[in-house]
Structure formats: C-alpha cells, structure tokens
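Student: Before anything else, here's the structure in question.
Bear in mind that the values in this text are calculations on the coordinates, not laboratory data. The structure displayed is predicted, hence computed values, not measured ones. Methodologically, a virtual Cβ is constructed for each residue, glycine included, from the backbone with ideal geometry; neighbour enumeration extends over all protein chains shown.
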Amino acid sequence: MPMRCYSTPDAFKANAVRQSRAARLTRRARADRRFEMSQFDPNSGVTRPTASETFGSAFADFNDGVFDAGIPQSFVLILLTEIGDKTFFLAMMLAARHGKLQVFLASISALFFMTLGSALAGYLVSTSAEMLHSSVKIMDWVAAVLFVLFGAQMLWDARKLHKEDAKDEEVAALLGGEGARSSSHGERADAEETLREKDEKSPPPSTRWEAFARVFSIMMVAEWGDRSMFATLTLATKHNPAGVVVGAMAAHVIANALAVVGGELLSKRISEKLMATLGGLFFVGFGALTAYEAYTGNELLGGIGG
C-alpha cells in the first residue's frame with residue numbers, strides 16, 4: 001500500500017483520530033454482534049432453572065390441572081354425601097347377606113354407571129348452553145344455586161334427625177329405657193325398608209350371579225335421584241367430566257369399602273346428623289365460591305374454561 005504524505009502535522013493528527021474512531025466503532029459493532037448471537041446460543045448467556053424450581057413448576061402445573069379437572073372437589077363432596085347415606089347402609093346390610101367382595105363389586109359397578117351417566121348429562125347441559133350462545137357464566141350460576149339447595153336440604157335433614165332423636169329419647173325415658181339411638185328414621189331406616197320391600201317382592205337369590213344382579217339393581221334404584229347423582233351432574237357442568245368421574249368414583253370406592261368391611265362398627269361411631277351437617281356446610285360453601293366465581297370471573301376452584 002502506498003504511503004500517504006501529509007502536508008502538515010495537523011492533517012496527520014486528524015487522520016489518526018479518524019482511524020481510531022473507526023476502529024472503536026468496528027470493535028463495538030463486533031461486540032454487539034457477539035451479544036446478539038449469544039441470545040440464540042443455548043450454551044451462552046442463558047440462566048437455567050434449578051432442579052427445585054423445575055419440580056416446583058411441574059407440581060404447580062399438575063396441581064392446577066387436577067383442580068381444573070374437578071377431582072378434589074368431586075371427591076370431597078361425594079364422600080361427605082355417601083358416608084352415612086342410604087347406599088352406605090344398603091351396602092353394609094347386603095354384605096352380611098351375600099359376602100363382602102361380591103357386594104362391593106356389584107355396588108361399585110352400579111355406582112360407576114350412575115356416575116358416568118350423571119357426568120355425561122352434566123357435560124351435555126354445559127355444552128348445550130354454549131351452543132345456544134348463552135352467557136358464558138350461566139352454568140356457574142346454575143351450579144351455585146344447586147350446590148346451595150343441596151346443602152340446605154342436608155342441613156334440614158340434620159335438623160329433622162335432631163328432632164326425631166330428641167323425641168325418641170323422651171319416649172325411651174318415659175318407658176324406662178336408656179334413650180338408645182333408634183333406627184325408626186333416617187337413612188338407615190330407609191335402607192332397611194328398601195330391603196324389606198325387596199324381600200317381599202322376590203325370593204332370595206340362589207346363585208352368586210343372582211345375588212350380584214340383585215345388589216346391582218338395588219344400588220342403581222337407590223342411587224337414582226340421590227343427592228350424589230345430582231351433585232355429580234352439577235360438578236360436570238363446571239369441570240372436566242372425566243376428572244369428576246375419577247374423583248367421584250374414588251369417593252364411592254372408599255365409602256363402599258368402609259361400608260362392607262366395617263360398616264356396622266362405623267355406623268355406631270358416626271352420626272348421621274354430623275355427616276349431614278358437614279355435607280350441608282360443604283355444599284353451601286362450594287355454592288358460595290361458585291357464585292363468587294360467576295360474579296367476578298376469577299376461577300378459585302378451577303373449571304373447564306379455566
């Protein structure tokens with residue numbers, strides 16, 4: 001390259017300043033280019049989450065998914081509804097006649113079909129509302145009203161049981177008895193009456209299949225129109241039907257296992273009034289939360305649209 005000649009020292013100095021400035025600009029451009037490339041390089045300039053952060057995020061996503069599916073909600077409500085319910089006492093008394101395992105399998109089979117049908121009906125109701133272009137929150141309000149009505153009915157039943165027990169104790173005291181708990185009313189009395197009517201209409205089963213079929217039919221009829229059936233239907237209008245079925249069936253399995261294995265002992269230790277009161281309070285609480293969700297649009301219990 002030919003050497004440049006500068007006429008004056010000032011010209012030489014000005015050229016040196018220009019070259020220095022150009023070099024700085026070149027270095028800065030290269031640095032900016034390297035920074036831009038680092039944004040796309042997975043091994044450069046990336047902050048990776050720790051193992052605890054990754055596990056925590058995965059657990060949070062799983063927890064949100066479970067609540068959105070309605071599994072814990074349906075499990076709690078159905079379990080409180082079934083413990084001490086008519087089907088609970090039916091399973092307990094039938095197990096003494098036909099064997100624990102056979103009664104358990106027949107009961108769970110009947111309850112599964114009822115739960116599946118109820119969840120499907122609830123899902124069809126919710127999707128029909130969407131197809132009719134109704135308000136997106138209409139099913140939340142319907143669910144809230146039904147939950148409160150179920151809870152009020154259970155609390156009313158608990159109040160009636162309290163009054164009936166008080167009358168029985170007064171009568172027993174007048175007759176010189178000990179005021180023991182009477183079975184002339186309540187869910188257990190209804191179960192006994194159902195079996196008595198069944199025995200009068202048909203002879204006892206002679207084979208295992210006949211016994212299975214009898215238990216299956218008794219449970220289907222007893223569950224039809226029961227609170228747990230409508231609770232399942234209502235939950236399915238708000239949550240994923242599959243999740244509602246999973247939660248409800250888990251509750252049914254536990255309740256029926258307790259009934260056939262230790263129902264007689266458990267029935268002496270639990271109070272129908274207490275279970276009805278707890279169930280009523282939970283239903284009213286779920287109804288209040290659902291109404292809050294419908295009013296504010298904030299999902300507290302999860303939902304299909306959450």
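Student: How large is ³J(HN,Hα) for each residue in the stretch 218-228, as worked out from phi by the Karplus curve 6.51 cos²θ - 1.76 cosθ + 1.60 (θ = phi - 60°), to whole Hz, x for Gly and Pro?
Tutor: 4, 5, 4, 5, 5, 7, 5, x, 6, 4, 5
Student: Sort 148-155, 82-89 by the packing proxy (mean of other Cβ within 10 Å over each peptide's residues), most packed first.
Tutor: Going by the mean number of other Cβ atoms within 10 Å, highest first, we get 82-89, 148-155.
Student: If the only charges are +1 at each Lys and Arg Cβ and -1 at each Asp and Glu Cβ, what is the size of the charge dipole of the stretch 70-296 around the Cα centre, to the nearest 20 debye?
Tutor: For this selection, approximately 320 debye.
Student: Please list 288-298, 270-280 highest first by mean number of surrounding beta-carbon atoms within 10 Å per residue.
Tutor: In decreasing order of mean packing, 288-298, 270-280 become 270-280, 288-298.
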